Amino acid sequence: MQTLQAVITGAIQGLSEFLPISSSAHIVFSNALFELISGNELSGVANSEEIFFDIMVHLATLFAVFIYFFNDLELIIKDSFVALKERKHNENSKLISYILLTTIITGAIGIIIKAPVEAIITSPKMICVLLFITGCILLLSEKAYKGDQKITLKNSIIIAIAQALAIFPGFSRSGLTIAAALFQGIDRVKAARFSFLMSIPIITLASMVYPMIELDSLEIAGFNMKAIILGFSSAFITGYVCIKYFMQLLGKITLKCFGCYCLFVSVLMFLLFQFYYHV
């Protein structure tokens with residue numbers, strides 16, 4: 001992996017992981033454009049170094065979430081211990097229970113749909129289709145939005161299923177989870193906060209399990225670590241900045257602009273893959 005490509009891809013991951021526009025789709029698109037500019041053919045299959053890099057930039061955005069929500073996480077954990085000691089639930093102890101539940105549901109569904117997910121990764125045009133569907137879901141969720149409901153056990157299960165479906169590249173994890181919350185009448189800012197918090201355990205587990213199962217430690221030693229570290233740093237910085245301003249914007253704007261963006265980009269990239277790459 002080239003250093004410049006790593007930095008650009010890291011920045012795209014940081015920006016698109018938290019915006020409801022699908023980071024996986026945008027990384028596929030950016031790699032395709034990089035290949036186009038450099039004059040290389042699009043392979044459509046990621047090698048071990050690219051997979052490891054993808055894991056590392058996801059970890060970078062995970063750290064960004066952890067740092068931004070550090071005070072929230074500290075309070076949630078403290079309140080959960082208090083609830084455990086007093087044997088009485090409070091809002092934060094319920095929240096952590098919902099987050100753990102969403103992690104279990106996402107992990108279970110993820111194992112079931114592993115094969116079709118891996119098939120779609122090699123199909124750029126199918127990723128475009130799923131991004132187009134993401135755009136439609138975002139637009140529809142705004143029509144159903146009321147914003148006066150609390151997060152409950154029932155709607156956290158539905159949000160967990162949305163997160164699991166977002167394992168498919170092209171579906172936005174933040175987009176589907178926030179939209180699922182909006183469909184159930186949950187406030188945008190509360191929905192985004194829950195979406196980001198529930199990403200912490202699932203990204204942590206995915207980033208730990210995959211390298212142990214699929215990657216060889218000797219193979220990792222031969223990777224371009226300079227490029228990977230710079231990509232990690234780029235993803236972390238842009239990810240943190242993106243969370244900060246996205247949370248502020250959600251109280252003022254709707255998801256319609258992101259929905260329209262997904263529709264536009266998906267059509268544009270579909271045409272590029274159809275007429276230029278023929279994949």
In a helix (DSSP H, G or I), free of Cβ contacts under 8 Å to residues at least 40 places away in the same chain and under 16 Å from the mean Cα position of the chain (by Cα): which single residue out of S174, S199, S195 fits that description?
S195
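Yes or no, residue by residue, for (1) of a type outside the set (D, E); (2) at pLDDT below 90; (3) more than 19 Å from F132 (Cβ to Cβ); (4) out of contact with any helix residue (DSSP H, G or I) (no Cβ under 6 Å at 6 or more places or on another chain):
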{"residue": "A164", "(1), (2), (3), (4)": "yes, no, yes, no"}
{"residue": "S174", "(1), (2), (3), (4)": "yes, no, no, no"}
{"residue": "T177", "(1), (2), (3), (4)": "yes, no, no, no"}
{"residue": "G185", "(1), (2), (3), (4)": "yes, no, yes, yes"}
{"residue": "A191", "(1), (2), (3), (4)": "yes, no, yes, no"}
{"residue": "P201", "(1), (2), (3), (4)": "yes, no, yes, no"}
{"residue": "V209", "(1), (2), (3), (4)": "yes, yes, yes, yes"}
Unique match (being at pLDDT below 90, surrounded by 18 or more Cβ atoms within 10 Å (Cβ to Cβ), polar (S, T, N, Q) and more than 15 Å from A235 (Cα to Cα)) among N40, N47, N31, N90:
N31
Can you tell which of A181, A162 is surrounded by 20 or more Cβ atoms within 10 Å (Cβ to Cβ), under 29 Å from Q248 (Cβ atoms), touching a residue at least 24 places away in the same chain (Cβ under 8 Å) and not polar (S, T, N, Q)?
A181
Residues of the range 110-132 satisfying the condition of being surrounded by fewer than 17 Cβ atoms within 10 Å (Cβ to Cβ), β-branched (V, I, T), assigned to a helix (DSSP H, G or I) and at pLDDT below 95:
I111, I112, V117
Residue that is farthest from the chain's Cα centre (by Cα), among those in the range 1-17 that are surrounded by 23 or more Cβ atoms within 10 Å (Cβ to Cβ) and more than 10 Å from S172 (Cβ to Cβ)
A6
Residues that are in contact with a Pro (Cβ under 6 Å, 6 or more places away or on another chain) and either closer than 19 Å to G259 by Cβ or without any contact (Cβ under 8 Å) to a residue 12 or more places away in the chain (or both): does the range 107-129 have at least one?
yes
Tally of residues being among the charged types (D, E, K, R) and part of a helix (DSSP H, G or I) across the range 233-279:
2
Assuming A227 fulfils every condition listed in (1) in contact with a Leu (Cβ under 7 Å, 6 or more places away or on another chain); (2) at pLDDT 85 or above apart from one, which condition is it?
(1)
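The values are calculated or read from the model by the stated rules, or taken from the named source; none is laboratory data. Bear in mind the structure is a predicted one, so any value in this text is a computation, not a measurement. Counting neighbours? That spans all protein chains shown, and the Cβs are built from the backbone with ideal geometry, glycine included.
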